[in-house]
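Input: a single structure, listed below in structure tokens.
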Amino acid sequence: YLQQCINGRWVSALMDSGCEFSLLPAWLIHKSQLQPTSRYVTAANGTPVPVIGRAKVTATVGQDRLEIEGLVSEDITEPMIGIEWLGKNNAFWMFKRGAIKLRNRTYRLSERKQRDVWVLCACCGCNLSRRCSFRLFDYFR
């Protein structure tokens, strides 16, 4: 995860080289930034991820201001920075050091914090958003 500030909020963004496009959670995007898109997203398990549009935002990482263009979904909880962005920004990932180099500056990456663990829905794999018909209470009966 890379700490960054997007639209005035500090967030941990997942650096995900297995993700083709960057994904941004709807709660982080201003309505004025939302643009229409015809693209669609499928999770690694084949589950469709509903997309409500695309957005271009500026992220502050250390002293750098970096543009992120991503698809926006109400069904994700954190920014997911994909391979397209990593390539465009000539990112150099230093796995052993737990760091990433962007614009000749090295930034420490962090692991997911224990409080960031979330439950995925058993019926469709969503993050139990308000649109899901699955009821968690019934699952544990």
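For residues in the range 18-36 being in a loop (DSSP other than H, G, I, E, B) and open to solvent by less than 50 Å² (accessible area, probe 1.4 Å), which is farthest from Ile6 (Cα to Cα)? First the steps, then the outcome.
Step one: of the range 18-36, the residues in a loop (DSSP other than H, G, I, E, B) are 18-21, 29-30, 34, 36.
Retained after the next criterion (residues that are open to solvent by less than 50 Å² (accessible area, probe 1.4 Å)): 19, 29.
Values: Cys19: 20, Ile29: 9 Å.
Per the stated criteria, the residue is Cys19.
Could we say that Ile68 is at pLDDT below 95, in contact with a Leu (Cβ under 9 Å, 6 or more places away or on another chain), closer than 20 Å to Gln3 by Cα and buried (at least 18 other Cβ atoms within 10 Å of the Cβ) here? Give the steps one after another, and end with the answer.
Values: at pLDDT below 95: no; in contact with a Leu (Cβ under 9 Å, 6 or more places away or on another chain): yes; closer than 20 Å to Gln3 by Cα: yes; buried (at least 18 other Cβ atoms within 10 Å of the Cβ): yes.
For Ile68, the condition - at pLDDT below 95, in contact with a Leu (Cβ under 9 Å, 6 or more places away or on another chain), closer than 20 Å to Gln3 by Cα and buried (at least 18 other Cβ atoms within 10 Å of the Cβ) - is not met.
What number of residues in the range 30-44 are touching a Gly at 6+ places or on another chain (Cβ under 8 Å) and free of Cβ contacts under 8 Å to residues at least 60 places away in the same chain?
Start the filter on the range 30-44 by keeping residues that are touching a Gly at 6+ places or on another chain (Cβ under 8 Å), which leaves 34-37, 43-44.
Pick out the ones that are also free of Cβ contacts under 8 Å to residues at least 60 places away in the same chain and you get 34-37, 44.
The number of residues fulfilling the criteria is 5.
Quick test of your reading of the structure: Asn45 fulfils all but one of (1) touching a strand residue (DSSP E or B) at 6+ places or on another chain (Cβ under 7 Å); (2) surrounded by fewer than 19 Cβ atoms within 10 Å (Cβ to Cβ). Name the failing condition by number.
Looking at each condition in turn, Asn45 falls short on (1).
One line per residue, one yes/no per condition, for (1) part of a loop (DSSP other than H, G, I, E, B); (2) touching a Pro at 6+ places or on another chain (Cβ under 7 Å):
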| residue | (1), (2) |
| --- | --- |
| Val57 | no, no |
| Glu78 | yes, yes |
| Trp93 | no, no |
| Tyr107 | no, no |
| Ser110 | yes, no |
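Output the qualifying pairs, or none if there are none: Cβ atoms under 6 angstrom, residues six or more apart or on different chains, first residue in the range 1-15 and under 15 Å from Gln63 (Cβ atoms) and open to solvent by less than 10 Å² (accessible area, probe 1.4 Å), second residue at pLDDT 95 or above and not in a strand (DSSP E or B).
Every condition considered, the pairs that remain are Leu2/Leu109.
The values are calculated or read from the model by the stated rules, or taken from the named source; none is laboratory data. Note that the structure is predicted; figures quoted are calculated from it, not measured. All Cβ positions, glycine included, derive from the backbone under ideal geometry; neighbour counts span all protein chains shown. Accessible surface is based on the protein model in full, side chains and every heavy atom, while ligands, DNA and RNA are left aside. Shrake-Rupley method; radii C 1.70, N 1.55, O 1.52, S 1.80 Å.
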